[in-house]
Amino acid sequence: MEVRARAPGKIIVAGEHAVVHGSAAVAASIDLYTYVSLRFPTPADNDETLSLHLKDVSLEFSWPVARIKEAFPNLENPIPPSSCLLETLKLIASLVDEQNIPEANIGLAAGVTAFLWLFTSIHGCKPAKVVVNSELPLGSGLGSSAAFCVALSAAILALSDSVTMDFSHQGWQVFGENELELVNKWAFEGEKIIHGKPSGIDNTVSTYGNMIKFKSGDLTRLKTNMPLKMLITNTKVGRNTKALVASVSERTLRHPTAMASVFTAVDSISNEVAAIIQSPVSDDLAITEKEEKLAELMEMNQGLLQCMGVSHASIETVLRTTLKYKLSTKLTGAGGGGCVLTLLPTLLSGTVVDKVIADLETCGFQCLLAGIGGNGVEFSYSGIPDIGANGGNLS
């Protein structure tokens, strides 16, 4: 019995940075996914290890179940979604250290730690094989860690007694509302291990899909009524999110009145973006009109992000390149490098898209085409379950 789960990445469509200062922001899922497969061995396999294979970086980790039991002598499962206690975190860290992760990949240690916490919390000390691969570039602001935590939580829960699933269904299927809430809660706990104090936005978008408006801690799920396509350009320039957020705060202290006006303008842009996305579409002309409005709002938002001081030479290069083709572009996320969004109108020819991509790749950037606002986390089963032995609830 094997389960596969996939969870989408995310972009910030409008409102980054300003959201820290009380403005609204809009985030959306993208149809680029992280995939997790989970399989429990059969008695015939004679395999008593828990293994994690990260295919994209060609790394595999494994722990004998006896070693995990030794580290967690008082482990009770399943437990409800809860934060990993510092003492437990230290025990897990020792298990991760034993794997001797190469120095070049040491940033993955937090993800491996999150995996061990999520798996043992839900399944205890069971042998299993978990394989992860992703279409999302790491650390580029597209929510790769949240997609990992959501897909992992979904796969682990789909073969647990915590959820009731239809094993006979072929292809990708979606969780019910209660199950999604459980997946989201566990994924948030994984994100806490990786990031310390995450906002919860990335895992919520990855879990539920579509779009979300958030303001002052309140999340509102939006339903998009129009297909949107973006070209996502990864500048491959690393950025320090904390430093960028701090620099905007410092600028706000120096110019409180001017920056308050900037944040008010961003708030208006985010609210207008949300209204356009949710309004009904009657025909192709209506779609074109909406795309033109969204394009203008993206340009305005980018101008305000420049006012905040979070653009970068690499981002400006993408802006100049796409402007040659009369396309609208803005940074997404922290800025200072990272990823950049370009709206691709429905009527834009494929030839033009190819030319834009060729120009951007000549600059050394990575280009990804993505649909915006699709489904959240999904899962599928393969193999025939052995009732009572697979951990799933067939009632």
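The values are calculated or read from the model by the stated rules, or taken from the named source; none is laboratory data. Computed from a prediction, not measured in an experiment: that's the story for all the values here. When we count neighbours, we look across all protein chains shown, and the Cβ atoms used for this are built from the backbone with ideal geometry, even at glycine. Heads up: the accessible areas ignore ligands, DNA and RNA and are worked out on the full protein's heavy atoms, side chains in. Shrake-Rupley method; radii C 1.70, N 1.55, O 1.52, S 1.80 Å.
Counting only helical runs of four or more DSSP H residues, what would the 222 nm mean residue ellipticity of the chain come to if each run contributes -39,500 (n - 2.57) and the total is spread over all its residues?
About -13500 deg cm²/dmol.
Rounded to the nearest 10 degrees, what's the angle between the helix 313-323 long axis and the longest principal axis of the chain, both from Cα atoms, 0 to 90?
Long axis of 313-323 versus the principal axis of the chain: about 60 degrees.
Using a Gaussian network model of the chain with C-alpha springs under 10 Å, which one of Val340, Val36, Val353 is most mobile by mean-square fluctuation?
Val353
Taking all protein chains as present, what is the carbon and sulfur share of the accessible area of segment 226-368, in % to the nearest whole number, probe 1.4 Å?
That fraction is 58 percent.
What is the list of residues in segment 331-354 whose amide nitrogen lies under 19 Å from a point 7 angstrom out from the Cα of Thr288, following Cα to Cβ?
Under cut-off, by backbone N: 343-353.
Taking the Cβ of Gly335 as the centre, find all other residues whose Cβ is under 12 Å away and add up their charges (Lys, Arg: +1; Asp, Glu: -1).
Every neighbour counted, the sum reads 0.
Which of Leu75, Leu54, Leu305 ends up with the largest GNM mean-square fluctuation for the chain, with Cα atoms connected below 10 Å?
Leu75
Among DSSP beta bridges lying fully in the chain, give the percent that are antiparallel, nearest 5.
Counting DSSP beta bridges with both partners in the chain, the antiparallel share is about 90 percent.
Using DSSP loop states and a limit of at most 15 other Cβ atoms within 10 Å to flag trypsin sites (Lys or Arg not before Pro), what is the longest stretch of the chain containing no flagged site?
Segment 1-222 is the longest.
Based on alpha-carbon centroids, what's the gap between segment 167-206 and segment 27-88 in Å, whole number please?
Using only Cα atoms to place each centre, the spacing works out to 16 Å.
On average, how much accessible surface per residue is there in segment 226-368, in Å², for a 1.4 Å probe, leaving out ligands, DNA and RNA?
With all protein chains present, segment 226-368 gives 47 Å² per residue.
For semi-axes √(5λ) of the Cα gyration tensor in Å, which listed value, (i) 39, 23, 20; (ii) 30, 27, 21; (iii) 44, 27, 20, comes from the coordinates shown?
It is the one labelled (i).
Quick check: Cα centre of segment 112-126 to Cα centre of segment 207-246, how many Å?
When both Cα centres are located, 29 Å separates them.
Please report the antiparallel percentage of DSSP beta bridges with both residues in segment 226-368, rounded to the nearest 5.
100
Under the rule a/c < 1.5 gives rounded, and otherwise a/b versus b/c splits prolate from oblate, where does segment 225-318 land using the Cα gyration tensor?
oblate
What is segment 91-153 by shape, rounded, prolate or oblate, if you read a ≥ b ≥ c off the alpha carbon gyration tensor as root eigenvalues and call it rounded for a/c under 1.5, prolate for a/b larger than b/c, and oblate otherwise?
Judged from the Cα gyration tensor, segment 91-153 comes out oblate (a/c at least 1.5, b/c at or above a/b).
Provide the FRET efficiency to the nearest 0.05 for the Val281-Ala246 pair, computing r from the beta carbons and using R0 = 56 Å.
Here the calculated transfer efficiency is 0.85.
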